[in-house]
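Please read the structure below before turning to the comments.
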Amino acid sequence: MTEKADPTLFYVHDPMCSWCWGFRPVWQKLQQALPDSVQLISYVGGLAADSDEPMAEALQRDIQGAWRRIEQVIPGTRFNFDFWAQQTPRRSTYPACRSVITAREMADRADQMTHAIQQAYYLQAKNPSDLDTLVEAAASIGLDTDHFRRQIQSSEIEQALQAELATVRELGVYSFPSLVLQSGEALHNIQLDYNHANSMLAEIERQLGRH
């Protein structure tokens, strides 16, 4: 990882990561509280590669169990369990990751796209592994859907995704969400608090005070 002049906080997430959905409210509070000197860069992590195969029933049960646990651990987080009866789940988040990169490159709307995907998946029981769901999400944030549909399937976006995943591995991130602070040449993993921003902010400020 090259040294940056300003301290940088990297946020690594996946738009189909249920813990990232639960983390979103506190993450927004943390962003608002960050010192102005801290540069923020958000990356997609690529939780699961492309697949057309239906998700195994055991994995479906595991993920539903994770949803229930998140509802308990992060009060106020909601999931629409109709998804599991109405859709054919696939273990495939790369399409959603590509859509975030596409929205970023088209109109700097990566965060809006992530939120639209999360709402479609977790609240509306739609399947973000399907292209049509992603196109609907693009429309909901005001993107040109014809251009979006072409771009998300382009070799340029695929190359951008693979480059981003390589950068994430360089940061040493293999779980989502993750926060990594770079100060000088040093990288620091910030311990996540899913209910309070203050503890993470304090850790970031401590690390910055050491450089």
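The values are calculated or read from the model by the stated rules, or taken from the named source; none is laboratory data. Being a predicted model, the structure only gives us computed values, none of them experimental. Using ideal geometry, Cβ is built from the backbone for each residue, glycine included, and neighbour counts are taken over all protein chains shown.
When region 102-114 is filtered for residues that are hydrophobic (A, V, I, L, M, F, W, C) and either crowded, with 24+ Cβ neighbours inside 10 Å or farther than 20 Å from SER154 by Cβ (or both), the ones remaining, listed by number, are ALA103, MET113.
In summary, GLY172 fulfils each of the numbered conditions (1) part of a loop (DSSP other than H, G, I, E, B); (2) under 30 Å from GLY76 (Cα atoms) with the single exception of condition (2). For SER199, the requirement of being part of a helix (DSSP H, G or I), out of contact with any Ser or Thr (no Cβ under 7 Å at 6 or more places or on another chain) and either within 23 Å of VAL38 (Cβ to Cβ) or at pLDDT below 95 (or both) is met. With the requirement that a residue be hydrophobic (A, V, I, L, M, F, W, C) and in a helix (DSSP H, G or I), what does region 53-79 give you? Scanning region 53-79 gives ALA58, LEU59, ILE63, ALA66, TRP67, ILE70, VAL73. Among residues of region 59-72 that are of a type in the set (A, V, I, L, M), those with a beta-carbon under 6 Å from a residue that is assigned to a helix (DSSP H, G or I) at least six positions away or on a different chain give the pairs ALA66/SER18; ILE70/SER18; ILE70/GLY22. Could you please let me know if ASP50 is closer than 27 Å to ASP144 by Cα, part of a loop (DSSP other than H, G, I, E, B) and over 12 Å from the mean Cα position of the chain (by Cα)? So ASP50 passes the test.
When you look at ILE204, is it surrounded by 11 or more Cβ atoms within 10 Å (Cβ to Cβ), closer than 20 Å to ALA110 by Cβ and either out of contact with any strand residue (DSSP E or B) (no Cβ under 6 Å at 6 or more places or on another chain) or not hydroxyl-bearing (Ser, Thr, Tyr) (or both), yes or no? In short, no. Here GLY76 qualifies as at pLDDT 95 or above and at positive phi. Taking region 115-161 as the search range and keeping residues that are of a type in the set (Val, Ile, Thr) and assigned to a helix (DSSP H, G or I), which one is surrounded by the most Cβ atoms within 10 Å (Cβ to Cβ)? By that ranking, first place goes to ILE117. Restrict the check to region 2-17 and report whether at least one residue is within 18 Å of the chain's Cα centre (by Cα) and in a helix (DSSP H, G or I). Checking region 2-17: not a single residue is within 18 Å of the chain's Cα centre (by Cα) and in a helix (DSSP H, G or I). Mind listing just one residue for me: the one in region 80-101 that is in a loop (DSSP other than H, G, I, E, B) and surrounded by 20 or more Cβ atoms within 10 Å (Cβ to Cβ) and, of those, farthest from the chain's Cα centre (by Cα)? Among those residues, the one meeting the criterion is SER92.
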